[in-house]
Amino acid sequence: MIPITEYDSERKILTALLQGEIDHHCAGEIRRCIDIAIDKYSPELLALDFSGVTFMDSSGIGLVMGRYKLMKETGGETIVLNPRDDIRKLMELASLGRLTKIAYTAHSAAKASSGRKVP
């Protein structure tokens, strides 16, 4: 799974849209793609959008921690967006909340509360 990256040059935000499963088989390729985009754009904020992630093991924790460290070295910040409840719980067990904020967009909150797709 290769993440889709979007860069907002006005706000200097790089968003990586993650999908599917994040495990040891694909985490390296995801890291490589995000790191290339960080190097290319030098964002002030890296937003890792987990809304499309269906499964994550400890490789996903390492993915977030490594991107956090890379962004910190360049003076930037990292935020995790829209993880499913089971993935959020895994992140909390790993204390990722001490490193980065875990947040939900209005779009994902509306989707979760209504139980239906939000356009």
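The values are calculated or read from the model by the stated rules, or taken from the named source; none is laboratory data. All values derive from a computational prediction rather than experimental measurement. Heads up, the Cβs are rebuilt from the backbone with ideal geometry, glycines too, and the neighbour counts pull from every protein chain shown.
Is there a residue in the stretch 55-72 that is modelled with pLDDT of 95 or more, of a type in the set (Ser, Thr, Tyr), surrounded by 19 or more Cβ atoms within 10 Å (Cβ to Cβ) and in contact with an Asp or Glu (Cβ under 7 Å, 6 or more places away or on another chain)? For the stretch 55-72, residues modelled with pLDDT of 95 or more, of a type in the set (Ser, Thr, Tyr), surrounded by 19 or more Cβ atoms within 10 Å (Cβ to Cβ) and in contact with an Asp or Glu (Cβ under 7 Å, 6 or more places away or on another chain): absent. What residue, among those in the stretch 1-11 that are in contact with a helix residue (DSSP H, G or I) (Cβ under 8 Å, 6 or more places away or on another chain) and outside any strand (DSSP E or B), is nearest to SER42 (Cα to Cα)? Of everything passing the filter in the stretch 1-11, SER9 is nearest to SER42 (Cα to Cα).
For the stretch 16-52, give me each residue that is of a type in the set (A, V, I, L, M), out of contact with any Lys or Arg (no Cβ under 9 Å at 6 or more places or on another chain) and more than 13 Å from ILE2 (Cα to Cα).
Passing the criteria: only ALA47.
Which residues, taken from the stretch 40-75, are in a loop (DSSP other than H, G, I, E, B) and either charged (D, E, K, R) or touching a strand residue (DSSP E or B) at 6+ places or on another chain (Cβ under 6 Å) (or both)?
Those that are in a loop (DSSP other than H, G, I, E, B) and either charged (D, E, K, R) or touching a strand residue (DSSP E or B) at 6+ places or on another chain (Cβ under 6 Å) (or both): PRO43, GLU44, ASP57.
Considering the conditions (1) assigned to a strand (DSSP E or B); (2) free of Cβ contacts under 8 Å to residues at least 12 places away in the same chain, GLN19 is excluded by exactly one of them, (2). Going by what's in this entry, would LYS89 be described as touching an Asp or Glu at 6+ places or on another chain (Cβ under 6 Å), modelled with pLDDT of 95 or more and of a type in the set (Lys, Arg)? So LYS89 fails the test. Count of the stretch 22-47 residues, restricted to those that are among the aliphatic types (A, V, I, L, M), in contact (Cβ under 8 Å) with a residue 24 or more places away in the chain and surrounded by fewer than 16 Cβ atoms within 10 Å (Cβ to Cβ), is 1. Checked against the criterion of being among the hydroxyl-bearing types (Ser, Thr, Tyr), touching a Phe, Trp or Tyr at 6+ places or on another chain (Cβ under 7 Å) and on the phi < 0 side of the Ramachandran plot, the candidates THR78, THR74, THR15, THR54 yield just one match: THR78.
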